[in-house]
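Enquirer: One structure, as structure tokens, below. Some questions next.
The values are calculated or read from the model by the stated rules, or taken from the named source; none is laboratory data. The structure displayed is predicted, hence computed values, not measured ones. Neighbour counts run over all protein chains shown; Cβ positions are idealised from the backbone, glycine included.
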Amino acid sequence: MQQPRPLSPRTHAKKGACALCGRYARLTEAHVPPRAAFNDGVSRRGRISAEQRLELDRGRPGGIRVPAHCDACRAETSPWDDEYIKWATFWAEGLVVLEGHGANGIRATIPGARPGRFIRAALAGMTAVAEGLVGTHPDLIAAIRASDGKAWEGDRRFLMALTPPTEGASVGGMHRGMQIHFSITGTDVRAPAPAPSAVIHHVPLSLLLVDAAIADEYPHVDCTGWLAESAVAAEQDLELSLPVVRLSSGTTWQPESFEEAHL
Ligand SMILES: [Zn+2]
């Protein structure tokens, strides 16, 4: 009987089309959302017990890892992750403070923010789950890579909201019908079109890249305009007002699946 051969890490190195430049290359794993964006990348699922007490599980690694970007594109885009982590930390701390106050939405000023950098970090991560986006939307990819800022008015919109600290993670994408999904509830996703190209619903943020035709139906705020701002702009104090949303069923990413939540 043959013994199975041990697998070396090299065995798992994957080649494919880079999600940002489209070149066939060895791909590095993209962590979506960026590792340590909040809570060391661990999502804790909360539920209300029969005694009406909030219970949190031990948590599982949040987000997903997808072989997506070539070394050059990874090197170009990964420096933006610091801004994503900064925003996630800011909102996560604010949500914990506000939890239990019954707030519907939150208005806050992010000190030292660079929205042109944040949206590029988020969208670069989203290319890892929006399979084929570089082929169908090369102009959007070009806007993402234009670190000095480039406005984009296309048929996809970048939407943003907040999620309660107890919300589970749902990260994936269904661009061109390709389904990649991760959910800590273990439920599968079989949503009819038009499904979002990419979803990063991961405490404390709920980020969507959706068809412009149905963008207004989501409770989120359209922040696509941040692409016009530079990723290396001077830091600014940015006032934002965002709804708090919960993914109600966890089985689809349709507009009706997201409901506004109280903290
Ligand atoms: Zn590349």
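Enquirer: Out of segment 18-31, which residues are of a type in the set (Gly, Ala, Ser) and modelled with pLDDT of 95 or more?
Expert: Ala19, Gly22, Ala25
Enquirer: Also, I was wondering about something else. Check off (1) surrounded by fewer than 17 Cβ atoms within 10 Å (Cβ to Cβ); (2) modelled with pLDDT under 60 for Lys14 and give me the number that stays unchecked.
Expert: Single failed check for Lys14: (2).
Enquirer: Inspect segment 230-249 for any residue being of a type in the set (A, V, I, L, M, F, W, C), part of a helix (DSSP H, G or I) and over 16 Å from the mean Cα position of the chain (by Cα) and give the result as yes or no.
Expert: no
Enquirer: Leu207 versus (1) surrounded by fewer than 23 Cβ atoms within 10 Å (Cβ to Cβ); (2) at negative phi; (3) modelled with pLDDT of 90 or more: which is the lone unmet condition?
Expert: The one condition Leu207 does not meet is (1).
Enquirer: Let me ask something additional. Can you find even one residue in segment 64-81 that is more than 16 Å from the ligand (Cβ to nearest atom), at pLDDT below 95, buried (at least 17 other Cβ atoms within 10 Å of the Cβ) and in a helix (DSSP H, G or I)?
Expert: yes
Enquirer: Let me ask you something else. Consider segment 228-262. How many of its residues are surrounded by 15 or more Cβ atoms within 10 Å (Cβ to Cβ) and touching a strand residue (DSSP E or B) at 6+ places or on another chain (Cβ under 8 Å)?
Expert: Adding up the residues that qualify gives 13.
Enquirer: Give me the pairs, please: first residue somewhere in segment 66-77 and in contact (Cβ under 8 Å) with a residue 24 or more places away in the chain, second residue anywhere and in a strand (DSSP E or B) and near the ligand (Cβ under 8 Å from one of its atoms), beta-carbon distance under 6 Å, and either six or more positions apart or on two chains.
Expert: Sorted first by the residue in segment 66-77, then by its partner, the pairs are Cys70/Ala25.
Enquirer: Considering only residues of segment 113-148 that are of a type in the set (Lys, Arg) and surrounded by 21 or more Cβ atoms within 10 Å (Cβ to Cβ), which is nearest to the chain's Cα centre (by Cα)?
Expert: Keep residues of segment 113-148 that are of a type in the set (Lys, Arg), which gives 114, 117, 120, 145.
Then keep just the ones that are surrounded by 21 or more Cβ atoms within 10 Å (Cβ to Cβ); that gives 114, 117, 120.
Numbers: Arg114: 17, Arg117: 14, Arg120: 11 Å.
Once the filter is applied, the top-ranked residue is Arg120.
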